[in-house]
Structure formats: structure tokens, C-alpha cells
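Read the structure below first, then the notes.
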Amino acid sequence: MSPSMIQEAEVCKSGMTNARRIWLTRHGESLFNQKGLIGGDSSLSPNGAAYADVLPEVILSRLPKSADGTPVPVSVWTSTLQRTIQTAAALPFAKLRWKALDEIDAGICDGLSYSQIADKHPAEFEARSNDKLRYRYPRGESYLDLIARLEPVISEMEREGESIVIVGHQAVLRVIFGYLMAQPQQSIPSIHIPLHTVIELTPLPDGTMGVEYIPVPIQLGDNGSHSTAASAAAGTEAQQPSAQLQQQCQQQADLAAAAAGAGAVPAAVAAPAGPAADAAVVIGDARLSKVGEEDGGSASDESSQDVFVAARDMQRMSSCSSSNTMAQMAAAAGVLRMANKS
């Protein structure tokens, strides 16, 4: 996907059915968010962990139904950074981790606040302010680089037939949202992607996307417990007993089981809720983050693209049948565990 693809006037309809939904959400608030720092690989804050706890309720309450009234299959895509993995941990769906979904590389500015960047690197701060789209962090990336990096993710998303939850980062979700909503390329760096909000996208018959913002306010009590307005925000269907919620979770596990065949579904995928980190299929090589660290550089575009192409060839997902996708993810997760044991 060339950068100009972000300017296409019509959304690709491949795999986009009326029953399908795409949910975009940033990770829950991280410790770096609390400190106003960019980049890094910090864990969730207590507020972020509370958001992760209620996210399954919100998504399950919004699941579209197939013709026979059963929930449609759903997969969860995250980056390889722990704040997205932690946010998605309780979602009761098969999971994919994409290296390509990692946040924009801030290079020498990683771990700094914007005020610190202004003090330590005033020329860089000014250059970024003048052109956020084309500005590239020293030893890092620009938004144009990020658009190119996300090509395999967007291509796979368009081929997919099932609903997808993407738990991502602000810059990454700006690019994906901008593409799906046919936003002008220059506006991508300023698209508002708020924390603790689910953005629901629905393919429309005319090839465009309907969009709804679902805020999930989190309030922590003195004892560390949390209350949420997620039920009200997600609609009356969210106000249901936990037994029914568990039943919906089990239906998703059964979908994966039926697709993969008896005994082929990893236990963590079949579980109705809870972390499934060991069942996540990784797309792209996490070792890329180490390339060039000795000299302070980041992984080259060429080496990154090689890994993404190889990963797509190894983990090709079908655009014709979401059941094939569920089976492939379950089987791949089992292969990964067997490799780890050997």
C-alpha cells in the first residue's frame, strides 16, 4: 500500500459484510500515559487495568448476529507491546499479535515528554510541529513510514470476513481509522482517538463506514475497585447477568472449536474468559525491536518488510471463510506451544 492509498475515496468492500463490525480501541491508560511520556513498553495503570476488565462486556454487548441468530466469529489483533496485550487479555476471542501494529517509533525521543523534547531537541520539536505527517524522529519513524508499515495489516483486514477488535496505539489507530473513513492523508496525524473509548465501524451498502464512539468512563474507588458506565454506554444489552455473559463467551469458544476440529483448539482459546497470552499467534518477529539497538538505530524498513512478507506467507488468512481463519489461528497457536516445549 503506497501512502496515496490513504486518500482513496472508496473503502474496499472485500470481506466487508453487513454483519461485520470492526472495533478500534487504544490500550488502557498506561503508566507512561500518566506521566505524559511517549513510546516505551510500560504496563497499564490501575485505570488502564480497570478498562481492560470491562472491555469484554462492552464488545460482547455489541456483537452482531448471523442469519441464524448466533454471534459472528471475532478475532482480536494487538501489537507486541505489553499495554495492548494486557488490555486484550480478558477478551474471550482468538488473538493475533502484529509487530506491524506497534506504536510509531519515536527514536531518540522515546521515553520523553513533549516538553522534554522541546527542551532537549528544540529543532526536532519545531520540525515535528511544522509537518507531523512527514516528520521522522531521528532513528525512528514518520507517519508516512507508519502508513507503509501498516500495509499488511490493512490488506489482511480487508480480506477478513469476521469481526475484528483492534487494540492498538494512538498513531497506529489514526492511520487505520483514516484509511477506513477515507480521510485526507494530511489530516491523519490529528485524528482524535481518545483513551477508554471503543470506536465501532460498520460497513455500509454504499461502501462507506458507519462510525459510533462508545466512551467507557472508569472510576476507581478508595479501595481500588472500579465502577463503570460501560453498560449505559454500550446500550441496554450490556446490562445482563454474568451467567449470560459467560454463555456468550462460551459461544465464541465453540465457534473456534467447530472451526478447528475436536482436540485442535488450544485450551487458552477454548477458555470462556481470561488471559490467553500463550495462545496468541504472533505475526512478525519481535526480535526486530532489537535490530540496530547497539548503534542506537531502529530496524530497517527493508528487514521489517521481509519479516512481514514471510509472516503473511506463513499465516495467510482466508477472505472467503472466517471459519478457516479461526482454524488457522488455533492450529498455529498449538504449533507455537509445541515448538516452545521442544
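The values are calculated or read from the model by the stated rules, or taken from the named source; none is laboratory data. Only a predicted model underlies this, so the values are computations on that prediction, with no experimental measurement involved. Every residue, glycine as well, gets a Cβ built from its backbone with ideal geometry; the counts of neighbours run over all protein chains shown. We work out accessible area using only protein heavy atoms, side chains counted, and drop any ligands, DNA or RNA first. Shrake-Rupley method; radii C 1.70, N 1.55, O 1.52, S 1.80 Å.
The figures follow:
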| read-out | value |
| --- | --- |
| Set Lys99/Lys132; Lys65/Lys95; Lys95/Lys120 screened for pairs whose C-alpha atoms are more than 28 Å apart | Lys95/Lys120 |
| Tyr114 - accessible surface, heavy atoms, 1.4 Å probe, Å² rounded to 10 | 90 |
| Solvent accessible area, Å² - Asp110, 1.4 Å probe, full protein context | 70 |
| Other-chain or far-sequence residues with amide H under 5 Å of Ser30's (modelled H) | Ser45 |
| Two-site FRET efficiency, Lys65 against Leu133, from Cβ-Cβ distance with R₀ of 30 Å, rounded to 0.05 | 0.15 |
